[in-house]
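Before any comments, here is the structure.
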Amino acid sequence: MSAAPESSSEYIKHHLTNLTFGRFPAGHEHAGQWGFAHSMKEAGEMGFWAINVDSMVISLLLGLLFLWLFRHVARRATTGVPSGLQNFVEWVVEFIDNSVRGSFSGRNPLVAPLSLTIFIWVLLMNIMDLIPVDWLPWLAGMAGVGHLKVVPSNDPNITFGLSLTVFALVLYYSIKIKGLGGFLGELAFQPFPKWMAPVNLLLEGVSLVSKPISLSLRLFGNMYAGEMIFILIALMYGGNLALAGFGGLLQLGWAIFHILIILLQAFIFMTLTIVYLDMASQEHH
Amino acid sequence: MNFNATLIGQSITFVAFVWFCMRFVWPPIMTALAERKEKIAEGLAAADRGRHEQELGQKRALEIMHEAKQRAAEIISRAEKRGAEIVEEAKTEAVEEGNRLKAAAQAEIEQEVNRAREALRGQVVEIATAGAGRILKRELDATANDELIKDLVARI
């Protein structure tokens, strides 16, 4: 940590600040220079062309871990008796495959690998939440890094990055399969008769745009709330011994409960992606 | 919530990961799974076939055993019959042999008797000749009286 947090609010704020790299805005003492923001406010002032290095690096590492692990298994996949790791990977793959078969009615070779990537990647990002909140920031502080937000899915940039890509796929397949006219017709001519097209367009437009927003905010909100509770529990360690012991129990309980949320959110993100793509690939009447 | 270029970075990373997964991860695993499924199905079918064949073999073995038992019983009964026959034959043969031996012995005895009678007859002739000589107190020419003697001998 860059500075020992003095008050609870500072401690919480510190934990919620990304390590943001960008250009200092005008009026700053380093105006026009590139560097790491020192506070959430500074990060905000850097505008769009800044990057949350912690979220980006951790999500990249987790994604690479996932791909390396699965590629490792895929390369030596045998048809004989599978080893433990292969067994696990095959179990996951079959689970995803069943989910896709259950929800996606068309034939699209993209959907299943997409779902696998989403599920495992989001799951790994969520699992970072189970690491006690102070460990990695403390290590980073030792290494001279001022801020570190450990859970990438706790960064709306990450969740929106996922959901907007999914949204782009939804638009792409909608137009590809139904044609631009068909897609627009679907937006304008239902649920009410054609003469009410503006109303239809409004309703359908809202429901269309709400897809990526709800997808990403659901994941972000759950992770944010979970992380916040971990941080609040961690605050209790600053109190006396009894309070710290109680906090330890609470943290254990919340972590166990949080495992459920972590899995559930990854699964929901994946399932909704499949459902949205299925809706995009189907002709409605 | 500060939106910044992380959004774009994450999207690019996501697309790259999905592409990699779609190209290098998903297909080999699915292929392996499908192949294993096929192998297991084949194995199960083979096991079924084997069990069926074993059942057939067992039935066949039972049949063969049954037949063999029957044939063995048949052979035994035939052998017993044959044994009894052999005993019977031996008995009759023995009786015949005994009869034959008895007959031979009787013939021999008869021969002996005849020979003894011949010898006795000769002696009787000599004795009679000597007796007649003595009675006649005269010497008879053996050659002159040969016919007479022969006649005597034949009459005995």
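Could you go through region A:152-170 and let me know if any residue there is surrounded by fewer than 18 Cβ atoms within 10 Å (Cβ to Cβ) and part of a helix (DSSP H, G or I).
Within region A:152-170 (the criterion being surrounded by fewer than 18 Cβ atoms within 10 Å (Cβ to Cβ) and part of a helix (DSSP H, G or I)), the answer is yes, since at least one residue qualifies.
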Candidate set: region A:99-130, residues that are within 18 Å of A:Leu64 (Cα to Cα), more than 14 Å from chain B (Cβ to nearest Cβ) and not polar (S, T, N, Q); chosen: the one most open to solvent (accessible area, probe 1.4 Å): A:Ile127
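Being of a type outside the set (A, V, I, L, M, F, W, C) and open to solvent by less than 20 Å² (accessible area, probe 1.4 Å) is the filter here; which residues of region A:210-257 pass it? Walk me through how you get there before you give the answer.
We begin by selecting, within region A:210-257, every residue of a type outside the set (A, V, I, L, M, F, W, C); these are A:210-212, A:214, A:216, A:218, A:221-222, A:224, A:226-227, A:237-240, A:245, A:247-248, A:251, A:253.
Correct list: A:Pro212, A:Ser216, A:Gly226, A:Glu227, A:Gly247.
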Qualifying residue in region A:71-82 (condition: in a helix (DSSP H, G or I), modelled with pLDDT of 90 or more, under 24 Å from A:Gln265 (Cα atoms) and open to solvent by less than 30 Å² (accessible area, probe 1.4 Å)): no
Residue, modelled with the highest pLDDT, within region A:123-151, restricted to residues that are more than 16 Å from A:Asp54 (Cα to Cα) and in a helix (DSSP H, G or I): A:Leu123
Test: residue in region A:14-25 that is loosely packed, with under 14 Cβ neighbours inside 10 Å and either touching a residue at least 24 places away in the same chain (Cβ under 8 Å) or not aromatic (Phe, Trp, Tyr) (or both): no
Some residue of region B:134-144 being surrounded by 10 or more Cβ atoms within 10 Å (Cβ to Cβ), at pLDDT below 95 and among the hydrophobic types (A, V, I, L, M, F, W, C): yes
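For A:Pro137, indicate whether it is over 20 Å from A:Leu208 (Cα atoms) and either within 11 Å of chain B (Cβ to nearest Cβ) or surrounded by fewer than 18 Cβ atoms within 10 Å (Cβ to Cβ) (or both).
Judged against the criteria, A:Pro137 is not a match.
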Selection count, region B:1-19, where residues are more than 7 Å from every other protein chain (Cβ to nearest Cβ) and over 17 Å from A:Val111 (Cα atoms): 2
Test: A:Leu187 is under 25 Å from A:Leu114 (Cβ atoms) and in contact with a Gly (Cβ under 7 Å, 6 or more places away or on another chain): yes
Index of the failed condition, A:Glu10 passing every other in (1) within 11 Å of chain B (Cβ to nearest Cβ); (2) acidic (Asp, Glu); (3) under 21 Å from A:Leu136 (Cα atoms): (1)
Tally of residues being open to solvent by 80 Å² or more (accessible area, probe 1.4 Å), of a type in the set (A, V, I, L, M, F, W, C) and within 30 Å of B:Leu152 (Cβ to Cβ) across region B:82-127: 3
Output for region A:40-57, where each listed residue is within 7 Å of chain B (Cβ to nearest Cβ) and assigned to a helix (DSSP H, G or I): A:Ala43, A:Gly44, A:Ser55, A:Met56
Filter result (farther than 18 Å from B:Thr31 by Cβ and among the aromatic types (Phe, Trp, Tyr)) within region A:63-79: A:Phe66, A:Trp68
Residue ID - farthest from A:Tyr224 (Cα to Cα), chosen from residues in region A:155-186 that are within 14 Å of chain B (Cβ to nearest Cβ) and of a type in the set (S, T, N, Q): A:Thr165
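The values are calculated or read from the model by the stated rules, or taken from the named source; none is laboratory data. Keep in mind that this is a model prediction, so the values were computed, not measured. Using ideal geometry, Cβ is built from the backbone for each residue, glycine included, and neighbour counts are taken over all protein chains shown. Ligands, DNA and RNA are excluded from the accessible area calculation, which covers all protein heavy atoms including side chains. Shrake-Rupley method; radii C 1.70, N 1.55, O 1.52, S 1.80 Å.
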